[in-house]
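Inspection log for the structure reproduced underneath, given as structure tokens.
Coordinate-derived values only; no laboratory data. What you see is a predicted model, and the numbers here were worked out from it, not measured in a lab. For neighbour counting, all protein chains shown are included, and Cβ atoms are generated from backbone atoms with ideal geometry for every residue, glycine included.
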Amino acid sequence: MKLMSILKWYFSHQNKRSFRHLSEVELHMPNVYLPAFIWMLLTGAGSALHAQEYQIFIHPSSDVAVYGSTNVNNFKFQYTESITLDKPVRVKRIEGTLRLTGGIIDLKVRAFDSGNGIMNKDFRKMLEEEDNPFIQVELAALIPQWLPNAAWREGKAEINVTINQVTKKYVVRCKVENPESLLIYGKQKISLSDYGLTPPVRMMGMVKVSEWVDLDFSLRFATDR
């Protein structure tokens, strides 16, 4: 817990010193994995030649939803299960960008719920759930807006979204909320046709779903469950 005390002191005094060596400390206790990870992300510390590995998890306050529309109304599919990140994440700084591997989140297609059984069935059929049971979101990189003290608070994140075995890259926003919390968030407009998906049609073509949907997400990486 010594690292946590240092981090809290740093933020309370807004000291501009760089504690780059702290990120190189090997931390094995589960309750102190993420502070080291956040410190690594906060300062960009670490070797450009060697990636460092961290076990992190996603806080229950995280949220994912899909918004869309038809020619007669709007709809929302809310993700209803816990969002997890089971594998360790490796971080490597390359020319000011923090490259990540292993930051893959599998979202169950069946866990998206609109509150309407027929719409849920159409949603799963469109996504070919039997063959593709997951929507996969991968956190690939963080592109910080670096401050003069070699730290950062806000920036952009590169994410890869895989649907129907097709992967597309998007750039969204991110920010460090405190030494224990990193937030990746945004509302990304997605074309269903880009993923080889055909929007459902109802009532002999009278009700048509738009090919454009919004993937709305707020993913918070934190230390306390």
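Take the Cβ-Cβ distance between Lys87 and Thr167 as r, set R0 to 25 Å, and report the resulting FRET efficiency rounded to the nearest 0.05.
It comes out at approximately 0.90.
For the range 122-217, count all C-alpha to C-alpha pairs, find those more than 22 Å apart, and express that count as a whole percent of the total.
Pairs farther apart than 22 Å: 42 percent.
Let me make sure I get this right: for the range 49-130, a, b and c are the square roots of the gyration tensor eigenvalues over alpha carbons, sorted descending. Under 1.5 in a/c it's rounded, otherwise prolate if a/b > b/c, else oblate. Which is it?
Prolate.
Considering only DSSP states other than H, G, I, E and B, which GluC sites (Glu not before Pro) in the range 59-145 qualify as loop sites with at most 13 other Cβ atoms within 10 Å?
Answer in residue order: Glu81, Glu95, Glu130.
Give, as a single signed number, the net charge of other residues whose beta carbon lies under 11 Å from the beta carbon of Trp212, with Lys and Arg counted +1 and Asp and Glu -1.
Charge balance near Trp212 sits at -2.
For every other residue with a beta carbon closer than 9 angstrom to the beta carbon of Gln145, add +1 if it is Lys or Arg and -1 if Asp or Glu, then tell me the sum.
Here the count lands on +1.
Diagonalise the Cα gyration tensor of the range 111-176 and give the resulting equivalent ellipsoid semi-axes, square root of 5 times each eigenvalue, largest first, whole Å.
35, 14, 7
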